[in-house]
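Heads up: the structure comes next, in structure tokens.
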Amino acid sequence: MLSALYRTAREQFTLKHLLGIVVLFGFFAVVLNASQEMLIGFAIALVVTECITVFQNTPEVDQRYVKGVIGVGVIGGSLLMAYSLVVGSSGPMWFPVLTSIGGVWLLADVYADFRRGEGANAGQSEDLSSADVMLLSNHGHLVANVLEDEPHTVEQLAAECDLTESRVREALDYMERSGVVAHDGQQYVLREENVGLWAFVRNIVAGTARRIARPLS
């Protein structure tokens, strides 16, 4: 475990990454003229964020425990903030209340992960690079444009889009998971109700609602 964390830390803390942290800290200290208390708080938050990132990017670490520690940390910080407001500090009480609810939700989500046997690898790096994602999205756009006219088979889509059949199948698989296309025998049909701006907004709202309600289901 320690060797895996050390490997991830070496990959993360490159010279460029460390220089970026120094520049960001210098921006707060010199340009924004932040107070000593603010700089200390920023440094602590930065260290915690970098440590969490190392744990999240280490495949050998069960990500459910990482999320649980984050939840406990959020609740603890919220309680300290609420206590400081009670004893005389100025500020809105609704903020620590809201963040503590968020921490409780994280812990409930961790419980749901364990109950379902999911989430052990959540938050870790995906196999697809950003270039692969862009290429897949571009192919999906080409396929969707062709399917707007009428249903097509994989072979027909490959010919119309000037792509290989394997590329078309990759795009169709991605679009099926997104609910954009559906099977109709050997042909694929564009689900127009799931295409467009309103469908995009609706899917985001519905997906967000499902994600928030997940610990309760």
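Quick one: how many residues across the stretch 193-212 are surrounded by 11 or more Cβ atoms within 10 Å (Cβ to Cβ) and modelled with pLDDT of 75 or more? Within the stretch 193-212, residues that are surrounded by 11 or more Cβ atoms within 10 Å (Cβ to Cβ) and modelled with pLDDT of 75 or more number 1. Test Asn57 against the stated conditions and say whether it is within 23 Å of the chain's Cα centre (by Cα) and of a type in the set (S, T, N, Q). Yes, satisfied. Selection of the stretch 100-121 for residues being of a type in the set (A, V, I, L, M) and open to solvent by less than 20 Å² (accessible area, probe 1.4 Å) yields Val110, Ala112. Within the stretch 1-50, the set of residues being within 20 Å of Gly73 (Cβ to Cβ) and of a type in the set (Phe, Trp, Tyr) comprises Phe42 only. Looking only at the stretch 132-157, residues that are out of contact with any Gly (no Cβ under 9 Å at 6 or more places or on another chain), within 15 Å of Val189 (Cα to Cα) and open to solvent by 30 Å² or more (accessible area, probe 1.4 Å) come to 8 in all.
Condition test on Glu37, is it more than 30 Å from Pro215 (Cα to Cα) and exposed (fewer than 11 other Cβ atoms within 10 Å of the Cβ)? First the steps, then the outcome.
On the way: more than 30 Å from Pro215 (Cα to Cα): yes; exposed (fewer than 11 other Cβ atoms within 10 Å of the Cβ): yes.
The answer is yes for Glu37.
Reported count of residues in the stretch 158-192, each being in contact with a strand residue (DSSP E or B) (Cβ under 9 Å, 6 or more places away or on another chain), surrounded by 12 or more Cβ atoms within 10 Å (Cβ to Cβ) and not in a helix (DSSP H, G or I), is 8. Looking only at the stretch 47-74, count how many residues are open to solvent by 40 Å² or more (accessible area, probe 1.4 Å) and not charged (D, E, K, R). Of the residues in the stretch 47-74, 16 are open to solvent by 40 Å² or more (accessible area, probe 1.4 Å) and not charged (D, E, K, R). Taking (1) touching a helix residue (DSSP H, G or I) at 6+ places or on another chain (Cβ under 6 Å); (2) surrounded by 15 or more Cβ atoms within 10 Å (Cβ to Cβ); (3) farther than 21 Å from Gly119 by Cβ in turn, Gly91 satisfies each apart from (2).
The values are calculated or read from the model by the stated rules, or taken from the named source; none is laboratory data. Computed from a predicted structure; not experimentally measured. No Cβ is skipped: glycine too gets one built from the backbone with ideal geometry, and neighbour counts run over all protein chains shown. In case anyone asks, the SASA skips ligands and DNA or RNA and just uses the protein heavy atoms, side chains included. Shrake-Rupley method; radii C 1.70, N 1.55, O 1.52, S 1.80 Å.
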